[in-house]
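One structure is given below, represented as structure tokens, and several questions about it will come after.
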Ligand SMILES: [Zn+2]
């Protein structure tokens, strides 16, 4: 059986063929270049899937799509003009279903990452799993007893925009003091600039700017530069505050931290985050096991593939591979 999974992020679109054991057997990758519009990108995505399906040992059975930002899983519509300019109210499922005549599933990328970690990564064995992805923003996926949790309207939880600091900095969503405004790449870039870190002015892509500033802070942290360590300490502290709030509502037994920044700085930030959790442990249980994500950039691919396998065969979402 062959399933093709695609993970469309703000910077890169990655496509992989996944076999029945959950192993990636072939992959392709192209820049997303969102400014050129969704229809061009979807035609290109179709070409990548064609190429993977053409040399597969068996026929294509389904396609799982993981996409950054708000998605409507029921209608197959992505509405993300925030981080994918040109992708406002775009039906991504119908063009793929029409072209390939197989079932097509759609997930938010944090939900896909949560399924990927639950099935094949650091979330294995968890009963109440929370996976957060920390990059330019913060995403969250929740899996309880092997079931992906969603809001009543079917959408994923916008945990990155839960209010942490009402007097805090402006968020990319227009709000003030959202979790991701104080605890993600947005915060890292702001704090790094305030404290004298610089990257070339001509780098305007938000994800690339975040990566450049993260590299500058990482280099400083490696040489124990106090201002670099202070930035990571502050972000880690706010991550902990958001996780205490999360624990009050969801009582997770395992929290997995993923995403580019979350994984890169896990060892440096986890002690501070853990300290905030420990301080607030009482009636609200905040003693979840804090783990680093294991699937790296492939979490979304694994999750989208697993989601489609479950749709096709009714297999449990979080089956451990043989
Ligand atoms: Zn926000």
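Among the residues of segment 194-207, which ones are within 19 Å of residue 238 (Cβ to Cβ) and loosely packed, with under 13 Cβ neighbours inside 10 Å?
194
When segment 196-207 is examined, which residues are found to be closer than 19 Å to residue 264 by Cβ and either near the ligand (Cβ under 10 Å from one of its atoms) or at pLDDT 90 or above (or both)?
Those that are closer than 19 Å to residue 264 by Cβ and either near the ligand (Cβ under 10 Å from one of its atoms) or at pLDDT 90 or above (or both): 197, 199.
The conditions are (1) within 16 Å of the ligand (Cβ to nearest atom); (2) without any contact (Cβ under 8 Å) to a residue 60 or more places away in the chain, and residue 193 fails exactly one of them. Which is it?
(1)
Within segment 205-227, can you find the residues that are without any contact (Cβ under 8 Å) to a residue 24 or more places away in the chain and at negative phi?
Answer for segment 205-227, where residues must be without any contact (Cβ under 8 Å) to a residue 24 or more places away in the chain and at negative phi: 209, 212, 215, 219, 220, 222, 223, 225, 226.
Still on this model: Looking at segment 78-110 only, could you name the residues that are in a loop (DSSP other than H, G, I, E, B) and within 17 Å of residue 307 (Cβ to Cβ)?
Within segment 78-110, 92, 102, 103 qualify.
Looking at this structure, is residue 268 touching a strand residue (DSSP E or B) at 6+ places or on another chain (Cβ under 9 Å), within 20 Å of residue 122 (Cα to Cα) and at pLDDT 95 or above?
no
If you don't mind, there's one more thing I want to ask. Is segment 238-252 home to any residue that is part of a helix (DSSP H, G or I) and more than 29 Å from residue 70 (Cβ to Cβ)?
The answer is no, given that none of the residues of segment 238-252 is part of a helix (DSSP H, G or I) and more than 29 Å from residue 70 (Cβ to Cβ).
Right, another one. Which residues, taken from segment 130-148, are touching a residue at least 24 places away in the same chain (Cβ under 8 Å) and either in a loop (DSSP other than H, G, I, E, B) or near the ligand (Cβ under 8 Å from one of its atoms) (or both)?
135, 136, 137, 146
Another one. Taking segment 208-224 as the search range and keeping residues that are surrounded by 13 or more Cβ atoms within 10 Å (Cβ to Cβ) and out of contact with any helix residue (DSSP H, G or I) (no Cβ under 8 Å at 6 or more places or on another chain), which one is nearest to residue 34 (Cα to Cα)?
Within segment 208-224, the match that is nearest to residue 34 (Cα to Cα) is 208.
Among the residues in segment 103-119, are any at pLDDT 95 or above, farther than 18 Å from residue 255 by Cβ and out of contact with any helix residue (DSSP H, G or I) (no Cβ under 8 Å at 6 or more places or on another chain)?
No - not one qualifying residue is present in segment 103-119.
Give segment 174-190 a look and list any residue that's part of a loop (DSSP other than H, G, I, E, B), over 17 Å from the mean Cα position of the chain (by Cα) and in contact (Cβ under 8 Å) with a residue 60 or more places away in the chain, or say none.
Scanning segment 174-190 gives no hits.
Can you say whether residue 229 is in contact with a helix residue (DSSP H, G or I) (Cβ under 9 Å, 6 or more places away or on another chain) and closer than 26 Å to residue 117 by Cβ, as far as the supplied structure shows?
Here the answer is no, as residue 229 does not meet what is asked.
Hey, another quick one. State all residues of segment 155-171 that are part of a helix (DSSP H, G or I) and either farther than 11 Å from residue 181 by Cβ or away from the ligand (no atom under 11 Å from the Cβ) (or both); if no residue qualifies, say none.
159
Please indicate, with yes or no, whether at least one residue in segment 258-268 is over 18 Å from the mean Cα position of the chain (by Cα) and either outside any loop (DSSP other than H, G, I, E, B) or surrounded by 17 or more Cβ atoms within 10 Å (Cβ to Cβ) (or both).
Yes.
Does segment 269-295 hold any residues that are part of a helix (DSSP H, G or I) and surrounded by 13 or more Cβ atoms within 10 Å (Cβ to Cβ), and which are they?
269, 270, 272, 273, 274, 275, 276, 277
The values are calculated or read from the model by the stated rules, or taken from the named source; none is laboratory data. Just so you know, these numbers come straight off a predicted model, no measurement behind them. We place every Cβ from the backbone using ideal geometry, glycine too, and count neighbours over all the protein chains shown.
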